[in-house]
Amino acid sequence: MSNDEVVHWKELLKRRLSSSKKDERTEEEKKAEESALFSKYYTEWRGGSPRENYTNIPRFYYRLPAEDEVLLQKLREESRAVFLQRKSRELLDNEELQNLWFLLDKHQVPPMTGEEAMISYDSFLKVGEKAGVKCKQFFTARVYAKLLHNDPYGRISIMQFFNYVMRKVWLHQTRIGLSLYDVAGQGYLRESDLENYILELIPTLPQLDGLEKSFYSFYVCTAVRKFFFFLDPLRTGKIKIQDILACSFLDDLLELRDEELSKESQESNWFSAPSALRVYGQYLNLDKDHNGMLSKEELCRYGTGTLTGVFLDRVYQECLTYDGEMDYKTYLDFVLALENRKEPAALQYIFKLLDMENKGYLNVFALNYFFRAIQEQMKIHGQEAVSFQDVKDEIFDMVKPKDPCKITLQDLVNSSQGDTVTSILIDLNGFWTYENREVLVANDNNIPDLDDT
């Protein structure tokens, strides 16, 4: 570009700038004009005036039928059943899953990673085209990227992808199965709904074949309590189906389909027959007068028999009892709390008992009140009582609460020391274990390895 042309453009720009009038409107006036123009053009694009469009808003709320509207209730139930059947037909059946595995295996891309067959993105898309409409949702870039790890060729494991598909299909099947018991049709199960689901599930679980039918009601109660104790902390009496699917409890329950489940796995699984019989057997052993209920005197023998009296007093003050005695359902909550003290739901249960004044925190007075019972038990057993001041300092050091004088439930959960703190305050055996932790660790280290002998 020549110098004359540059000068020419400069002159033109100067004239344009000098001739343009400065916009003296305020920001509010500019925004008002912008909003008016937007409304004008949007209305023209949609057709008609805004007032006319308001009358065309589709209906989005349908009230639930009342109890006396039997016909509407039946119609709703039938509609939901048809909807769930349609959703069930959209899932892959066994034959389609086998066909998918055959296609994946046929399109594997060498070399193998160890013993795992791999597939590239191009082959992945080819399989997606051949697998059919039902599989389309699984053959996306998002799914592929989710399963892509450190393969130097940018491939994914065929087995990992197939397991991903199987897991998704299982989740949808289970969601549909649970929804069949959702009487209200609102996406949650009440206690009676979940009881019906588990009762009808029992015959499909080989590991429960040995249970007598007379024990079914107790087994169902035992299983359902775990779901409600952990998934319904506010005690609303209902659990979202999404929460049931998201937790591991259903996996533990359906693990009982495995006919070759090891003895160790059964003992650690709350839903197994040995575990349910153990819990119910403990309840019967504690019930000395055989009236089907537990008094405070009977419950004090629970576990090692070292729970303090003041803690048990609080249990019977706060928990649901009948004429001062505890039924099996309340006992299950008690057991779940004490056997899972690391879990937030269990800590919430115990914290409520420790928080005598319902202040939402534990102060030095509350800690002293409960630890005094530990000191008394130590004297009864001929042990030298430990100073409360030392224990109090250790507890605050462990928890590190936001307020140096108060310990909240959230402080306990955040510290990951809630199980230790609660054991120190309510159980002599728990306190003894904490006090002698270094000796116990040393003894464990001195135990010879069986492989060395």
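The values are calculated or read from the model by the stated rules, or taken from the named source; none is laboratory data. Remember, it's a predicted structure, so these values are computed and weren't measured experimentally. When we count neighbours, we look across all protein chains shown, and the Cβ atoms used for this are built from the backbone with ideal geometry, even at glycine. With ligands, DNA and RNA removed, areas are computed over all heavy atoms of the protein, side chains included. Shrake-Rupley method; radii C 1.70, N 1.55, O 1.52, S 1.80 Å.
Toward the positive end of the charge dipole of the chain, with +1 on the Cβ of Lys and Arg and -1 on the Cβ of Asp and Glu, the farthest Cα among Phe249, Pro206, Gln317 is that of Phe249. Legend: residues Val127, Val413, sorted from most to least accessible area (1.4 Å probe; ligands, DNA and RNA excluded), read Val413, Val127.
Select one label from (i) 22.1, 80; (ii) 22.4, 71; (iii) 33.0, 114: the one whose number is Rg and Dmax of the Cα atoms in Å as derived from the coordinates shown. Matching entry in (i) 22.1, 80; (ii) 22.4, 71; (iii) 33.0, 114: (iii). The aspartates and glutamates whose alpha-carbon is closer than 18 Å to the alpha-carbon of Lys14, local same-chain residues fewer than 8 away aside, are Asp4, Glu5, Asp23.
In this view, the solvent-accessible surface of Tyr216, computed with a 1.4 Å probe and all protein chains in place, comes to about 50 Å².
Shape class for region 25-152: oblate, because the ratio a/c of the largest to smallest gyration tensor axis (alpha-carbon atoms, square roots of eigenvalues) is 1.5 or more and b/c is at least a/b. Summary of the geometry: region 158-198 and region 406-435, compared by the centres of their Cα atoms, lie 37 Å apart.
Quote the charge dipole size of the chain about the Cα centre in Debye, to the nearest 20; the model charges only the Cβ of Lys and Arg (+1) and of Asp and Glu (-1). Numbers along the way, then the final one.
On the way: 57 positive and 74 negative charges, 548 e Å.
About 2640 debye.
Rolling a 1.4 Å probe over the heavy atoms of the protein chains gives the chain an accessible area of 64 Å² per residue. Placing unit charges on the Cβ atoms only, positive for Lys and Arg and negative for Asp and Glu, gives region 204-277 a dipole magnitude near 540 debye about its Cα centre.
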